[in-house]
Every structure is written in C-alpha cells, then in structure tokens.
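Following: one structure in structure tokens, then a few remarks.
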Amino acid sequence: MLPLLLATACTSAPDSTAPPTAAAPPTADAGLEAGKAIFTQRCAVCHGPDGKKGLNGAHDLTKSNLNATGRVYLVTNGLGLMPSFKTELTPAEIDAVAAYSLTLR
Ligand code: HEC
C-alpha cells in the first residue's frame with residue numbers, strides 16, 4: 001500500500017498584471033430605462049407618469065399587486081378599457097414596460 005500524496009502544485013503567478021475589473025454592462029438598468037421611455041409614451045396618458053393618474057378608471061399602478069407575469073399578460077392582451085399592446089410593442093418591450101411599472105410604488 002503506497003500512500004499516494006496528491007500534492008497540487010501551487011504555482012503562484014507573479015501578480016504584476018492584475019486583471020482589470022471589467023464593469024458589468026448595466027443590462028437591468030438599460031431595460032428599465034427602455035421601459036420608462038415606453039411607459040411615458042404609451043401608458044402615462046391613462047396611468048400618469050407616476051402610475052397614479054387613473055384616467056378612464058385606469059388602476060393606480062402604485063397600488064397594484066399584480067406581478068410581472070400578470071402585467072405582461074395584461075399589457076399584451078388588454079383588459080376592459082385598457083388596450084392590448086400586442087401589435088404595438090414587441091414582447092421584449094412589453095417585458096421592459098411591465099418591469100418598469102413594477103418600480104412605481
Ligand atoms: C387607454 C388607457 C390606458 C392605457 C394607454 C394603459 N392602460 Fe393600463 N389600465 C387601464 C385601465 C382602464 C385599467 C383597468 C382595467 C380593468 O380592470 O378593467 C388598467 C389596468 C392596468 C394594470 C392592472 C392594475 C391592477 O392591479 O389592477 C396594469 C399593470 C396596467 N394597466 C399597466 C399598463 C401599462 C404598463 C401600460 C402601457 C403599456 C398601460 N397600462 C396603458 C387603462 C390604460
């Protein structure tokens with residue numbers, strides 16, 4: 001029985017060149033920015049820029065408990081006096097505007 005000693009070679013590289021910490025692209029923020037722009041153009045007319053306007057019975061978005069999935073569904077298909085945005089916005093745009101609407105609290 002030979003005890004095998006698996007020694008991991010600890011090669012410490014000279015840290016002359018520290019890798020630059022690349023800043024991660026702010027994907028989420030970019031999405032929210034896009035969502036905000038869409039909201040201002042498409043939704044603010046009824047919901048107001050802060051989501052509270054309530055034109056034509058539009059619900060106060062700051063008080064909505066609807067989650068992202070529900071909002072995406074509602075914006076896609078419309079409900080009552082709220083129009084469907086299926087033909088107006090791409091699924092990605094609907095995702096973005098739904099995500100933005102969730103920040104109105
Ligand atoms: C023509 C006016 C109008 C526009 C434009 C509009 N909405 Fe609405 N929205 C409504 C009305 C009215 C309701 C209430 C629907 C109902 O329950 O009958 C509503 C409801 C909602 C709700 C559900 C709130 C809740 O919890 O009950 C969400 C979320 C919402 N709107 C998001 C949006 C977003 C996002 C946009 C832009 C893409 C948008 N709306 C554009 C009128 C509008």
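What follows is calculated from the coordinates using simple rules that are stated; it is not laboratory data. Owing to the predicted nature of the structure, the values given are computational and were not obtained by experimental measurement. Please note: Cβ atoms are built from the backbone with ideal geometry, for glycine as well, and neighbour counts cover all protein chains shown.
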Taking ALA98 as the residue in question, decide whether it is in contact (Cβ under 8 Å) with a residue 24 or more places away in the chain and not charged (D, E, K, R).
yes
Can you tell me which residue is farthest from the ligand (Cβ to nearest atom) among those in the range 47-75 that are farther than 17 Å from ARG105 by Cα and surrounded by 17 or more Cβ atoms within 10 Å (Cβ to Cβ)?
VAL72
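Residue by residue, here is whether (1) over 14 Å from SER101 (Cα atoms); (2) within 19 Å of the chain's Cα centre (by Cα) holds:
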residue	(1), (2)
LYS53	no, no
THR62	no, yes
LEU66	no, yes
LEU74	no, yes
GLY80	yes, no
Taking interchain pairs and intrachain pairs at least six residues apart, which have beta carbon atoms under 8 angstrom, with the first residue in the range 69-85 and touching a residue at least 12 places away in the same chain (Cβ under 8 Å) and the second more than 6 Å from the ligand (Cβ to nearest atom) and of a type in the set (Asp, Glu)?
VAL72/ASP95
Checked the range 79-101 for anything more than 8 Å from the ligand (Cβ to nearest atom) and either part of a helix (DSSP H, G or I) or small (Gly, Ala, Ser) (or both); matches are SER84, PRO91, ALA92, GLU93, ASP95, ALA96, ALA99
